[in-house]
Amino acid sequence: MPPHAVEHVALEQVPAKRRHVLDALMQLYLHDFSGHAPLGSVHTEVDEEGRFTYAFLDTYWQEPGRVPFLVRADGRIAGFVLVNRWSALDRPLDSAVAEFFVLRKYRLARVGMRAAHLVFSRLRGRWEVPVAAYNQEALLFWRSVVQSLLVAMEEHAGDGRRWAGPVLCFDTEAG
């Protein structure tokens, strides 16, 4: 098998008792994300304990419509996906990608693409994928993911208040 090959990608819904695993991965994700954000962005600064904070993590076990997934590559933890029902465009939807992270070593093996396909096939319906305006790498990734689904996609600009950046909209029921 080639060095970057991964045979099996899976999603695992995370129970509340395993929240600490997502909290640990969130540190890596926010560290990666901080490289794209402008200096001083409140979302990518560490607190006085040297940790990134993600205020919404607990809500994934408290509110309906929020689903936390681990991404596994050949059985090993490779990242996470957080899905919710918050619309960046303030429109009706079934699901939105809130956060998406794949460890760097799994990116060349297309684990992210495969994990995204699994999420969209598991939770079918109207989707939004909001992308931060300053994260062009993520925008290219998400455009290619949605195009590979063979569904019609619309790309809208956020209003700058509710969301600053492009929002990809599509319906997996149509594909």
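Quickly rank 107-113, 134-140 as a protection proxy: mean count of other C-beta atoms within 10 Å, highest first.
Averaged packing, sorted descending, gives the order 107-113, 134-140.
Can you tell me the length gained on complete extension of the stretch residue 21 to residue 121, counting 0.36 nm per residue apart and subtracting the Cα distance?
33.6 nm
Only residues of the range 70-86 count here: report those whose backbone N is under 18 Å from the spot 7 Å along Cα→Cβ of residue 7, or say none.
What the label zone holds, given the 18 Å backbone N cut-off, is 72-78.
Just tell me, in residue order, which DSSP H segments of the chain are both 20 angstrom or longer along the helix axis (alpha-carbon based) and at least 0.0 in mean Kyte-Doolittle hydropathy.
The answer, listed by residue number, is 19-34.
Express as a percent, rounded to the nearest 5, the fraction of DSSP beta bridges in the chain (both residues included) that run antiparallel.
In the chain, approximately 95 percent of DSSP beta bridges are antiparallel ones.
Place a point 7 Å from the Cα of residue 143 along the Cα-to-Cβ direction; which residues of the range 150-175 have their backbone N under 14 Å from it?
Flagged as within label range: 153-157, 166-169.
Kindly provide the helix-only [θ] at 222 nm of the chain, computed as the sum of -39,500 (n - 2.57) over DSSP H runs of four or more divided by all residues, to the nearest 500 deg cm²/dmol?
-8000 deg cm²/dmol, from helical runs alone.
So, R0 is 30 Å and r is the distance between the beta-carbons of residue 156 and residue 49; what FRET efficiency does that work out to, to 0.05?
Using R0 = 30 Å, I get an efficiency of 0.20.
Treat every Asp and Glu Cβ in the chain as -1 and every Lys and Arg Cβ as +1, leave all other atoms uncharged, and give the resulting dipole magnitude about the Cα centre to the nearest 20 debye.
520 debye
Would you pull out the residues with amide H under 5 Å of residue 53's amide H, same chain only if 5 or more places away, H placed 1.01 Å from N?
Correct list: 47.
Hey, for a label at residue 90 modelled as a point 7 Å past Cα toward Cβ, could you say which residues of the range 147-163 have their backbone N under 18 Å away?
156-163
Checking the a/c ratio against 1.5 first, then a/b against b/c, what shape does the Cα gyration tensor give for the chain?
rounded
Throughout, read-outs are computed from the coordinates displayed, never taken from laboratory work. Just so it is clear, the model here is predicted, and its values are computed rather than measured. Note: ideal-geometry Cβ built from the backbone for every residue, glycine included; neighbour counts use all protein chains shown.
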